[in-house]
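This report concerns only the one structure given below.
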C-alpha cells in the first residue's frame with residue numbers, strides 16, 4: 001500500500017454558529033498531533049504472578065495539536081482572542097487521503113508564539129489542548 005503525501009492537510013476552526021462553519025487556518029506549514037496517550041493504574045498485589053507488576057488502562061489524554069504558520073497578522077491575530085476563551089471550540093483536522101479522513105474535536109488554545117528572525121519569514125506556532133474524545137470519520 002502506498003503512503004500519502006501530507007500536502008493539503010488542513011486544521012479548520014469552527015465559528016461557533018448554528019450550523020457551524022469551519023474555515024482552514026491560513027498559511028499552515030506544519031500540523032502535528034494530536035498525540036494521544038493513555039494512563040495506567042498499577043493493580044499489582046502480593047498475588048501478582050512471578051513478582052511482576054500488573055496494570056490496567058485508565059484515562060486517555062487526547063493530547064495537543066500544534067499548527068505552524070507563515071505568520072500574517074491580518075489573518076492570524078484574530079486567533080489570539082481564542083486564548084481568552086475558557087470553553088473549548090470545535091476544530092477539524094482534515095488529512096488529504098482518498099477519501100479524506102477528518103478528526104473532529106473540541107480544544108482550548110494554550111499557546112500562540114510568533115517569531116520574527118532577522119533573516120527569514122515571520123512565523124507563528126499555535127497550540128491547542130484537545131478536550132474529550134476526537135471523532136474520526
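Counting only residues that are modelled with pLDDT under 95, surrounded by fewer than 17 Cβ atoms within 10 Å (Cβ to Cβ) and under 17 Å from the mean Cα position of the chain (by Cα), segment 58-81 holds 1 of them. Note on segment 108-131: residues that are free of Cβ contacts under 8 Å to residues at least 60 places away in the same chain and within 30 Å of residue 3 (Cα to Cα) amount to 2. Only one of the numbered conditions (1) surrounded by 17 or more Cβ atoms within 10 Å (Cβ to Cβ); (2) at pLDDT 95 or above; (3) under 19 Å from residue 9 (Cα atoms) is not met by residue 33, and that is (2). Looking across segment 1-31 at every residue that is outside any loop (DSSP other than H, G, I, E, B) and farther than 14 Å from residue 91 by Cβ, the one that is farthest from the chain's Cα centre (by Cα) is identified as 29. When 105, 55, 95 are checked against the criterion of being without any contact (Cβ under 8 Å) to a residue 24 or more places away in the chain, surrounded by 11 or more Cβ atoms within 10 Å (Cβ to Cβ) and in contact with a strand residue (DSSP E or B) (Cβ under 8 Å, 6 or more places away or on another chain), a single residue qualifies: 55.
Based on this model, can you work out whether residue 134 counts as at pLDDT 95 or above, within 19 Å of the chain's Cα centre (by Cα) and under 23 Å from residue 5 (Cα atoms)? Yes; evaluated as a whole, the condition is true for this residue.
In segment 95-105, the count of residues that are modelled with pLDDT of 95 or more and more than 25 Å from residue 4 (Cβ to Cβ) is zero.
The values are calculated or read from the model by the stated rules, or taken from the named source; none is laboratory data. Just so you know, these numbers come straight off a predicted model, no measurement behind them. Counting neighbours? That spans all protein chains shown, and the Cβs are built from the backbone with ideal geometry, glycine included.
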